[in-house]
Structure formats: C-alpha cells, structure tokens
Amino acid sequence: DVFNERLDKFVDLMGIDEVDMDEGINNDSTLTDEEKNEVKKNVTLGRSTLRRDANYEFWTQFLNEYKKVDSLYDNISPLKESWISKRLKNVGDLNCVISGTYSRVELYINIFNIQQKEGNKNIFNKFYSLRDQIEDDFGYKLKWNRMDEKRACRVSFEGDGNIYDKEKWGEMTEFMKNNMIKFSNVIKKYSEIV
C-alpha cells in the first residue's frame, strides 16, 4: 500500500500516464527483495485480470456485430482470451486476435501435435505455393510466418488496435469483421485445393 501510494503521487507529480512498474519496484529501497517480488506478482496479476476482463467485454460486442453479417462465429461465445477461433477442418483455426498494439485476422495452422509438426508445415507450404493467388483474391499482402522453431504456422493480416482503449474498439471491430469475412472465404476456397 505504501509503495502504491508513493507511485501514485509520483505519477501525479510528473504528469505522466504510464510508469515502468518493474523499474519503480526495483528502485524502491524501502522494500526487501521478497517484498519487491510480491509487489511484482500482484502487479502482474492485476494487469492480467484487467486484460482478461477487457478481452471478454470486447469479444461480447465484437460477436454481436459480427453475427449480424456473417455466420462463421455463430456458435462461438465471448472469451477472456486474446483470440476467438473457428476450426476449419483439416487446415487450422480462423482466428481474430486482439492486443495492446494490434488487431489481426489469421489462419493458425496447428492441427498436428509436436511429434507430427511437419504436417502443419506441409499445409503451410501448400498455401504458400498459392500465395500470389490468395493475396490477389484477398486484396492485400499477407504475413506468411512458417515459424520453423514452433509446431504451428500462421498466415495473417494485421491492423491497428489497442484493447485498453475503448475508443479504438469500433475501428478494431470493423477491421476484423470486414477482413475476416474476406479472409475466411479465400482460405476456405484454397483449402479445397491444398
């Protein structure tokens, strides 16, 4: 409590909106190392709770808007995660993703386990071989991320966003809604080929 009070006074005094919490905690000489670790843990927990609550609120309004124009997410409920997902059989997941810095539509290819990850890479390679046609049909260049060091692969289209700024939610919703409709149609079309 003493630390939080000091930090609040400091923020007010400096006229700033955001503080590097870890640096503030590390530089507080009145706290023991054990107390610093406890404060950091509580700060992280607080951030996580705020983020998950914001995610749930965002997805609630997003799904209400999306379901008015497309049926892809008809059977999907709001989550506290940073994504919502619809499985496309034998291909991967059609995800909408939000963060503090972007909003994204993606095909997340992750249908094989770690021992069979080459199956995911093969699906990605087949889509990648059709890259020009897929991007022409979609209307924009996509980000193709094979992620060789990981099990999954990703094909995505990213725009601006900030889950913590409710004023941006309308833009994020429109971006993902309009682009997921086009993106999912293109991916479904080419999934029949791969």
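Among the residues of the range 143-180 satisfying the criterion of being basic (Lys, Arg) and under 22 Å from LYS80 (Cα atoms), which is most open to solvent (accessible area, probe 1.4 Å)? Give the steps one after another, and end with the answer.
Of all residues in the range 143-180, those basic (Lys, Arg) come to 143, 146, 150-151, 154, 166, 168, 177.
Now restrict to residues that are under 22 Å from LYS80 (Cα atoms): 154, 166, 168, 177.
Details: ARG154: 48, LYS166: 117, LYS168: 77, LYS177: 21 Å².
Going through the qualifying residues, I end up with LYS166.
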Residue under question is VAL69, and the condition is that it be of a type in the set (A, V, I, L, M, F, W, C), within 19 Å of ASN178 (Cβ to Cβ) and open to solvent by 80 Å² or more (accessible area, probe 1.4 Å); does it hold? yes
Restricted to the range 141-154, and to residues that are touching a residue at least 12 places away in the same chain (Cβ under 8 Å) and under 15 Å from TYR102 (Cβ atoms), which residue is nearest to the chain's Cα centre (by Cα)? ARG154
Within the range 125-142, residues under 18 Å from ILE193 (Cα atoms), crowded, with 18+ Cβ neighbours inside 10 Å and of a type in the set (A, V, I, L, M) come out as ILE134
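Results for (1) touching a Leu at 6+ places or on another chain (Cβ under 7 Å); (2) under 16 Å from ASN55 (Cα atoms); (3) modelled with pLDDT of 95 or more; (4) not aromatic (Phe, Trp, Tyr), shown as yes or no for each residue.
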site	(1), (2), (3), (4)
ASP74	no, no, yes, yes
ARG87	no, no, yes, yes
CYS96	no, yes, yes, yes
ILE111	no, no, no, yes
GLN116	no, no, no, yes
Residue count, the range 140-176 (criterion: within 20 Å of TRP59 (Cβ to Cβ), polar (S, T, N, Q) and at pLDDT 95 or above): 2
What is the one condition in (1) in contact (Cβ under 8 Å) with a residue 60 or more places away in the chain; (2) open to solvent by 90 Å² or more (accessible area, probe 1.4 Å); (3) under 19 Å from the mean Cα position of the chain (by Cα) that PHE183 does not satisfy? (2)
For the range 100-119, how many residues are closer than 16 Å to LYS177 by Cα, open to solvent by 10 Å² or more (accessible area, probe 1.4 Å) and not charged (D, E, K, R)? 1
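The values are calculated or read from the model by the stated rules, or taken from the named source; none is laboratory data. All of these numbers come straight from a predicted model, not from anything done at the bench. Neighbour counts run over all protein chains shown; Cβ positions are idealised from the backbone, glycine included. These accessible areas exclude ligands, DNA and RNA; they are computed on the full protein's heavy atoms, side chains included. Shrake-Rupley method; radii C 1.70, N 1.55, O 1.52, S 1.80 Å.
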